[in-house]
Amino acid sequence: GNRGGKTEIDCFSFCLYGFIDDKEFDIPQVDTPPTLESILNEPEDEDEPFILEDTCILNTENIDAHSCETSSLASSDSGDLHGSVLRRNVLKGISAQMVSAADKVDAGLPTAITVSNVIAVGTSHGLALVFGKHNQALRLCLGTTATGAEYGAVSALSINHDCTRLLCGFAKGQITMWDLANGKLLRTMTDAHPPGTAILHVKFTDHPALAVCNDSGGSVFELSFRRVMGMRTCESRCLFSGSKGEVCCVEPLHAGPELKDHPITHYSLLAMASLTKILLIGLKPSLKVWMTFPYGKTDPASVPLLAWQFVAAQKTINPVLAFCRGNTIHFLLVKKDESGTIHVIKQRQLQLNCDFISLSWINPHTLVLMDSTEKLRVVDRPSQEELETVDMAELQLVYNSSHFKSLATGGNVSQALALVGEKTCYQSVCSYAGQIMYLGTESVHIMTLRNWRERVDHLLKQEKFMEALSLAWSFQEGTAKAVLGLFAEPAKRKGVVAEKMVEILLQYVDRSLKKCPEQGKIQVMEDLLFNQIYPRLVENSVARGVFLESLEPYILSERIGCLTAPVMRDLLSYFQENGMMDSVEGCLVHMDITNLDIQQVVQMCWDNQLYDAMIYVFNSGMNDYISPMEKLFQAIGPPLREGKPLTDEHVVMGNKLLVYISCCLAGRAYPLGDIPEDLVPQVKNQVFEFLIRLHSVEAAQEEEVYPYIRTLLHFDTREFLNVLALTFEDFKNDKQALEYQQRIVDILLKVMVDNSDFTPSQVGCLFTFLARQLAKPDNTLFVNRKLFDQVLEFLCSPDDDSRHTERQQVLLELLQVGGVVQFDEGHLLDLAEKAEFYQICEFMYDRKHLYDKIVDCYLKDPLRKEELFNYIHNILSMPGYSSEEKQLVWVKALQHIKVSQKRLHMLCPLEHTPGREKITEKHKLHEATAYLLEKKGDVQGAFEVLLQRILLQEETGDEVASLLQRVEEALHDIIALCQRSSHGLNQQQREALWFPLLEAMMSPQKLLKGADTKHTSEALKDLTMKVLNSMSSFIAPPAIIQRILKDPVYGKGKLAEIQGLILGMLETFNYEQTLLETTTNLLNSDLHWSLSHLRKAVSRGLHPRQDHCNICLQQYKRRQESEDIILNYCFMYSCGHLYHCQCLQRKEVGVLSERQYSWSCYKCTSNQGSRPADRPSTESSRSHSYYYMLTARVYVLSTLIGSLLWASGVYVNGMQMAFSACTCISRNHRRLMAAGTKESHASIPNHEGVATVILLEVKKK
């Protein structure tokens, strides 16, 4: 029973954070700095870099009246309104062994208890008994009675957060530390505090080497544990002296594993309760007082009590400190704001008519208090309602009065502390993970919350059906208090509770219908609907069908709690018979299918390709997460192994399989919801074990090893590696998960390396994935570097001419994600040159700033040879390159320019070479002549020169194949000229430019007759179609069609002969319209994103760290007698430092540019060891960041447009296009940055510029 209760608490305690009413936290903050000298022995370090100026102090004078509102509760048993909230158990095993130890080994009576993963009990004869938490077996007996005679009774116990150390405090002042793994004594501390005082409290903090202790002198000490040269030491520091007020209770803030990264935990907060006030201090990073709070008038005999709990409020989780002395409970919310300031906010207090001696949280909503009559009172904090009262008199609670009176050391304590000690039981009550343990003289009792079903069943056992139904209805409506084990989502909660309510009504249906609340009848109606009305509808097929179809929307919206088994079977059968299989799948994933024949439902889903429903049935019906994968692998595995193409159904199966594996490894249920938290580790382990199996269940002899991983790699290598990458992101400190990670990487390498079944692209995906993983700062993977050399040899193999572009692109992607650090750069260059990977060579030369060698790369690359002069022009004309680099590029370019004297004239500047057109005409350089005429503005002349070139080609008597090739090359040049020039011409001038070209293509077709000219005729028609597609962007379609119909070749034939031309024109218009709309949408979305982020950035406020200038150390509000107004100006930077303008001028941190000062933070730049003028400006760094962000967006945008063009029937290599665009941007950025910050920032390309880069690439492809 104890083990079961613990499991439920662990599962649901953190989920309950979301139910606190936010209104109770809507209290204005208060901030008044405390006086540290009256509290701490050590002054605050003025040089401490972590300074928070507006620390909050709370007292009765400055707290808002609304925040001090008090609720008073009567101390009465709540009866059956809430049922029995607490479950009470006696740990009989531990109780019996305590009594036995006292009788047989003279262990003495129990004096203290603490609990973690084990339970430790201290005795009056100095022993510490350590028991197993679940089996209650005695594991260790620490200490001896001889030591006990010397040290006295155990007065305090504490276990650290990982349950490896136990601290024992003794009545005579000694402290010991024990190793809980082997029972070894590690430390004995006799001088940690003044002699002659008993240890009242000793407690570990969340910091592994830090603890605190409180003695009977009222002082508090910090204990720092160290290990130097193999010797264990302990350093003690006084946090609070008893001479300034005796502290009788200390409580450090402990955060569970799920909250270990909470920002408040870094301060190691400690709450201390003295006889007059509450103190909240932080031990880290330096000692600091955050709050003091006086009690006011209280009974001097009342016991001060403290208890911490993390509570969710306003979508954040923060600690709340509950404390009381007497009958009033106060609540303080502690939170940290964005500037690092800790705020302590007073919450509504609670008052009961009794004196409390114990205070504990059992969950974030519920408090358990014990009054001076030894009665437990369970209080719901949000509603401040008392839920239950339990009498604990039979426990015979152990009190710690003798230690507070320090009887073992002569009773040298104050009368006030001795008076409080009469009712103290600090060491007899401890809480852990939703359990509270109480130590009696002969027994140990444990209190836990009952889950909602137990509370209802407890009333049913007493035959209190009315009360049980009322309690169930409160669960249904979400108004119940101290709820455990119930879904937070209303739909799920109502579905579960409705079933329980029907169960209650069925047990006593006659009385329920007469006496239950009006709301309970709704649940009865569901029972009547399915058990009485539906059987009558079955007789009429039409009525039955209408009824079943009407259930679908209610099932999908989860408004029906549970269907009976006959209704569910009929519903599925009806949908199946009528071909409504989509409805079947939609309903199945929202239904409780445990009442159905699982195998039958699975077979139906498989036969009808309802894979989502099949997976859901396996998962929800049988908690089986492996069988769905086995069935899907059996379907897609054989065709992949045999190299057959996959059908559409196989592709769907494979995609669902990848998504399902991703969900399982992420802890999400498929297709919706989440896997139960207690099953998540088990499911992850099962999926990993399944994937790395050496062979399948029914493996044939010829089956290769690791068939499942091999199948996923063949199906979609990139997406499978993406799934693994997302899964690896969650692997932090999980040792087993990291082992799985290394194991899977080893298998991937074994399967893919040296395997001819995988393409270079697939192997490149693997090593790109590995390079990304190895580049992470917290990487734990080990990959042999020789494997990277091996894949480099594979990709750069000069003997393999197949997939040349693909292999180069894969290697380039690998280098760009950081893989370059895995290779020897010299060896990489050699292999790239041998394999003719000129883009790789350019990437490496660009890293080394060897721009002259890039010229050779362009010349050797046939695909990019035409871009050489643009590259040289950019190097020579744009800033960012040194004069030496430009000179090397110029010399390299001249070395490759080998021209005759007749072409040297073309290299002269325009204004120094008159009559240059005659030179080109003389030597029949048609392209050069057209270029010069176009430069002069004579577009028609250039057009006629290029058109004449086409006509001359047609008149030659060369072979048809070579003739057509030259005509096509000449046509390419003239089309480019027409497209460049058409933008500045009117419609009539465009027709005069394009129609002669169209005529030149159509006129030769008139002369082609006979069967032997069919090939030539088709080729000319294709060229004509090319002209039509190009001119359709500039000439109206009716004019083009009219011109075509006038031509004898097309005008006298049937409509089918020109159908291809017209359809081609329409496709071109559709394509351009789609491209324009897609680009516009992308640019609008990107512009909106950028503007919204810029607006958010400029509207964010700044908060200064101090209220004084960081140079002169004077208040920024100082008044100067001087009339110079600039003295009152202040500058504050985003780092939080604040300065007077005059102080910055004296320190010469301003840089004058264009009559304006550009300031930089003096303190930050001084700490970095350089003057501000010598460091890059903020604008430069922002420009860098903007360019990196812009490059990423261009890459994604280019790839997306390439995909859209491919879907439209136009082949474009999106990856190549994206790389070209990003390379262009990165080069411009580098040059602009070298030219200066201001020019670089001003030259950042806008979104239209990005679109231009992309569309130019599209046009080029």
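The values are calculated or read from the model by the stated rules, or taken from the named source; none is laboratory data. For clarity, every value in this text was computed on a predicted model and none was experimentally measured. For neighbour counting, all protein chains shown are included, and Cβ atoms are generated from backbone atoms with ideal geometry for every residue, glycine included. Areas reflect the complete protein model, heavy atoms only, side chains present, ligands, DNA and RNA absent. Shrake-Rupley method; radii C 1.70, N 1.55, O 1.52, S 1.80 Å.
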Val651 outside any strand (DSSP E or B), surrounded by fewer than 16 Cβ atoms within 10 Å (Cβ to Cβ), within 31 Å of the chain's Cα centre (by Cα) and hydrophobic (A, V, I, L, M, F, W, C): yes
Conditions: (1) closer than 21 Å to Leu537 by Cα; (2) part of a helix (DSSP H, G or I). Pro628 meets all but one. Number of the miss? (1)
Matching residues, region 561-579, being free of Cβ contacts under 8 Å to residues at least 40 places away in the same chain and surrounded by 17 or more Cβ atoms within 10 Å (Cβ to Cβ): Leu563, Val567, Met568, Asp570, Leu571, Leu572, Tyr574, Phe575
Residues that are modelled with pLDDT of 85 or more and open to solvent by less than 20 Å² (accessible area, probe 1.4 Å): list the helices (runs of 4 or more DSSP H) wholly contained in region 423-521 that include at least 1 such residues. 452-461, 465-477, 490-507
Can you tell me which residues in region 604-616 are in contact with a helix residue (DSSP H, G or I) (Cβ under 9 Å, 6 or more places away or on another chain) and either more than 15 Å from Pro671 (Cα to Cα) or open to solvent by 10 Å² or more (accessible area, probe 1.4 Å) (or both)? Met604, Trp606, Asn608, Gln609, Asp612, Tyr616
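Residue by residue, here is whether (1) outside any loop (DSSP other than H, G, I, E, B); (2) more than 30 Å from Leu1102 (Cβ to Cβ); (3) over 34 Å from the mean Cα position of the chain (by Cα) holds:
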| residue | (1), (2), (3) |
| --- | --- |
| Gly340 | no, no, no |
| Ile357 | yes, yes, yes |
| Trp361 | yes, yes, no |
| Val368 | yes, yes, yes |
| Leu376 | yes, yes, yes |
| Val379 | yes, yes, yes |
| Pro382 | no, yes, no |
With the requirement that a residue be within 21 Å of Ile615 (Cβ to Cβ) and not in a helix (DSSP H, G or I), what does region 569-587 give you? Met580
Of the numbered conditions (1) at pLDDT 90 or above; (2) part of a strand (DSSP E or B), Ser302 satisfies every one except a single condition; which is it? (2)
Out of all the residues in region 607-624, which are hydroxyl-bearing (Ser, Thr, Tyr), closer than 22 Å to Glu577 by Cβ and within 28 Å of the chain's Cα centre (by Cα)? Tyr616
With the condition kept exactly as written, say whether any residue in region 220-232 is touching a residue at least 12 places away in the same chain (Cβ under 8 Å) and acidic (Asp, Glu). yes
When you scan region 839-856, do you find a residue that is open to solvent by less than 20 Å² (accessible area, probe 1.4 Å) and more than 26 Å from Tyr881 (Cβ to Cβ), even just one? no
Could you go through region 123-132 and let me know if any residue there is under 22 Å from Glu251 (Cβ atoms) and in contact with a Ser or Thr (Cβ under 7 Å, 6 or more places away or on another chain). no
Would you mind stating whether Gly667 is touching a Ser or Thr at 6+ places or on another chain (Cβ under 7 Å) and open to solvent by less than 60 Å² (accessible area, probe 1.4 Å)? no
When both residues are 6+ apart or on different chains and their Cβ atoms are under 6 Å apart, which pairs have a first residue that lies in region 753-774 and is under 17 Å from Gln822 (Cα atoms) and assigned to a helix (DSSP H, G or I), and a second that is modelled with pLDDT of 70 or more and polar (S, T, N, Q)? Cys765/Thr717
Kindly check whether there is at least one residue in region 719-740 that is under 17 Å from Gly654 (Cβ atoms), modelled with pLDDT of 80 or more and among the charged types (D, E, K, R). yes
Which numbered condition Arg381 fails, given (1) under 29 Å from Gly440 (Cβ atoms); (2) open to solvent by 10 Å² or more (accessible area, probe 1.4 Å): (2)
Would you please list the contacts, defined by Cβ atoms under 8 Å and residues six or more apart or on different chains, that run from a residue in region 965-993 that is farther than 16 Å from Gly937 by Cα to a residue that is small (Gly, Ala, Ser)? Asp973/Ala930; Ile975/Ser1030; Gln987/Ala1036; Glu991/Ala1039
Where the second residue is among the basic types (Lys, Arg) and crowded, with 18+ Cβ neighbours inside 10 Å and the first is at negative phi and modelled with pLDDT under 90 and lies in region 610-630, which pairs have Cβ atoms under 7 Å and are six or more apart or on separate chains? Tyr611/Lys656
Going through region 82-107 one residue at a time, which ones are among the aliphatic types (A, V, I, L, M), open to solvent by 10 Å² or more (accessible area, probe 1.4 Å) and without any contact (Cβ under 8 Å) to a residue 60 or more places away in the chain? Ala96, Ala101, Ala102, Val105
What number of residues in region 157-177 are farther than 20 Å from His207 by Cβ and either under 41 Å from the mean Cα position of the chain (by Cα) or among the small types (Gly, Ala, Ser) (or both)? 2
Quick check: is even one residue across region 238-260 in a helix (DSSP H, G or I) and among the hydrophobic types (A, V, I, L, M, F, W, C)? yes
Condition first: in contact (Cβ under 8 Å) with a residue 12 or more places away in the chain, part of a helix (DSSP H, G or I) and within 19 Å of Val723 (Cβ to Cβ). Now tell me which residues in region 664-682 satisfy that. Cys664, Leu665, Ala666, Val680
Unique residue being open to solvent by less than 20 Å² (accessible area, probe 1.4 Å), under 46 Å from the mean Cα position of the chain (by Cα) and closer than 23 Å to Val413 by Cβ when the list is Leu223, Leu180, Leu210: Leu223
Could you check how many residues of region 130-156 are open to solvent by less than 10 Å² (accessible area, probe 1.4 Å) and within 45 Å of the chain's Cα centre (by Cα)? 4
So, of the residues in region 617-645 that are of a type in the set (A, V, I, L, M, F, W, C) and more than 24 Å from Ala725 (Cβ to Cβ), which turns out to be most open to solvent (accessible area, probe 1.4 Å)? Met622
Inspect all residues belonging to region 348-364 and state whether any of them is over 30 Å from Arg1105 (Cβ atoms), in contact with a Phe, Trp or Tyr (Cβ under 7 Å, 6 or more places away or on another chain) and open to solvent by less than 20 Å² (accessible area, probe 1.4 Å). yes
Could you count how many residues in region 857-869 are farther than 13 Å from Val889 by Cβ and surrounded by fewer than 13 Cβ atoms within 10 Å (Cβ to Cβ)? 4
Every pair of residues 6+ apart whose Cβ atoms lie under 6 Å, when the first sits in region 456-473 and is of a type in the set (Phe, Trp, Tyr) while the second is assigned to a loop (DSSP other than H, G, I, E, B): Phe465/Tyr508
Residue identified as surrounded by fewer than 20 Cβ atoms within 10 Å (Cβ to Cβ) and either assigned to a helix (DSSP H, G or I) or without any contact (Cβ under 8 Å) to a residue 24 or more places away in the chain (or both) among Leu713, Leu658, Leu724: Leu658
Quick one: Asn160 ticks every box in (1) of a type in the set (S, T, N, Q); (2) surrounded by 21 or more Cβ atoms within 10 Å (Cβ to Cβ); (3) under 21 Å from Val444 (Cβ atoms) except a single one, so which number is it? (3)
